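Working notes, beginning with the structure itself.
The values are calculated or read from the model by the stated rules, or taken from the named source; none is laboratory data. Note that the structure is predicted; figures quoted are calculated from it, not measured. Using ideal geometry, Cβ is built from the backbone for each residue, glycine included, and neighbour counts are taken over all protein chains shown. Side chains are part of the model used for accessible areas, which takes the heavy atoms of the whole protein and leaves out ligands, DNA and RNA. Shrake-Rupley method; radii C 1.70, N 1.55, O 1.52, S 1.80 Å.
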Amino acid sequence: MMEKRVELYAGKAKSVYTTDDPDKLVLHFRDDTSAFDGQRIEQLARKGMVNNRFNAFIMAKLQAAGIPTHFEQLISDNEVLVKRMDMIPVECVVRNVAAGSLCRRLGVQEGIDLNPPTFEFFLKNDLLHDPMVNESHIETFGWATPDEVVTMKALTFKVNSVLKQLFLEGGMLLVDYKLEFGRFRGEVILGDEFSPDGCRLWDVNSREKLDKDRFRQGLGGVVEAYEEVARRLGIELPQ
Ligand code: TMP
């Protein structure tokens, strides 16, 4: 069993620990739930456990579809063992349906289909409110090389083809999602997490929101919605 050693970093929802293996880290999923770049944080019981289990399920699906990820193995309800990567400080967002900042920025109506899906990069920087950046910024400021940009984009779209179908089979629309990548032994691989904290999922018929927008918009039933998403995908959660 891999033991946690030193806390390296505490993010808004996860803490990162070293292990005895220099190539492996433990991620601890906390119950903290943040919105508006950390301006609002609340603890929601079971959220850490639900997201950890959910993430492990999705990462395994992506890995099976040929997408390289940092996921190694679940180690407890709230902890996962991952590869230690050098993180690339940009967020990759694909949108299948208009929502969130796209509607605010471009004045488009929430809910319209985006065909083809759009792709956006954001700089991971809460103080600057994660500004949108382009490939030229990424190259000029050295956040990633042009080759890495091509790989991140291709992998983010490949994730879309796998997950759109998976969620649809559970009666859900994958509206949009955010991915983060890092480098491991020279290869760009998927890191961070995939959970309802970092994507939008709507019921395909009622269009009810089943993701973190419930928290952002004060709709209530946040963890209940995440558990419903898990149930629809056949993910077993401890009571
Ligand atoms: P946005 O509409 O706020 O730009 O977000 C698009 C998607 O990416 C949405 O599913 C939420 C997710 N996201 C995060 O999880 N964290 C972030 O910092 C950003 C910018 C987006």
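Side notes on the structure shown:
- Candidate aspartates and glutamates - alpha carbon under 15 Å from LYS153, same-chain residues fewer than 8 apart omitted: GLU91, GLU120, GLU135, GLU139, ASP176, GLU180, GLU187
- For the chain, the relative contact order works out to 17 percent when only alpha carbon pairs closer than 8 Å and six or more residues apart are counted.
- Net charge over other residues, Cβ less than 14 angstrom from the Cβ of CYS92 (K, R count +1; D, E count -1): -4
- Carbon plus sulfur fraction of accessible area for the range 76-213, probe 1.4 Å, in percent: 52 percent
- Shape call, the chain: gyration tensor on alpha carbons, a/c limit 1.5: rounded
- Global geometry of the range 104-144, whether rounded, prolate or oblate, following the gyration tensor of its Cα atoms and the 1.5 cut on a/c: oblate
- The largest accessible area among SER34, SER206, SER76 belongs to the first residue in SER206, SER76, SER34, and the rest follow in falling order (1.4 Å probe, all chains).
- Shape category assigned to the range 135-239 from the gyration tensor of Cα positions, a/c cut at 1.5: prolate
- The chain: DSSP helices with Cα axial extent of at least 24 Å and average Kyte-Doolittle hydropathy no lower than 0.0: 47-64, 146-169
- Accessible-area value, PHE119, 1.4 Å probe, nucleic acids and ligands omitted, Å²: 40 Å²
- The Cβ shell under 15 Å around LEU27 holds other residues with a net charge of -3, Lys and Arg each +1, Asp and Glu each -1.
- Largest to smallest in accessible area, the residues ARG183, ARG200, ARG231 fall in the order ARG231, ARG183, ARG200 (1.4 Å probe, all protein chains included).
- Dipole magnitude for the chain: about 300 debye, using +1 per Lys or Arg Cβ and -1 per Asp or Glu Cβ, origin at the Cα centre.
- The convex hull built on the alpha-carbon positions of the range 39-128 has an orientation-averaged projected area of 8.4 nm².
- Cross-link reach list, aspartates and glutamates versus LYS4, counting only Cα pairs under 12 Å and skipping chain neighbours closer than eight places: ASP20, ASP21, GLU79
- Cβ-defined net charge surrounding ASP130, 9 Å radius [Lys, Arg +1; Asp, Glu -1]: -2
- Rounded to the nearest 10 square angstrom, LYS124 shows an accessible area of 100 square angstrom against a 1.4 Å probe.
- Largest accessible area first, the residues CYS103, CYS92 order themselves as CYS103, CYS92 under a 1.4 Å probe with ligands, DNA and RNA left out.
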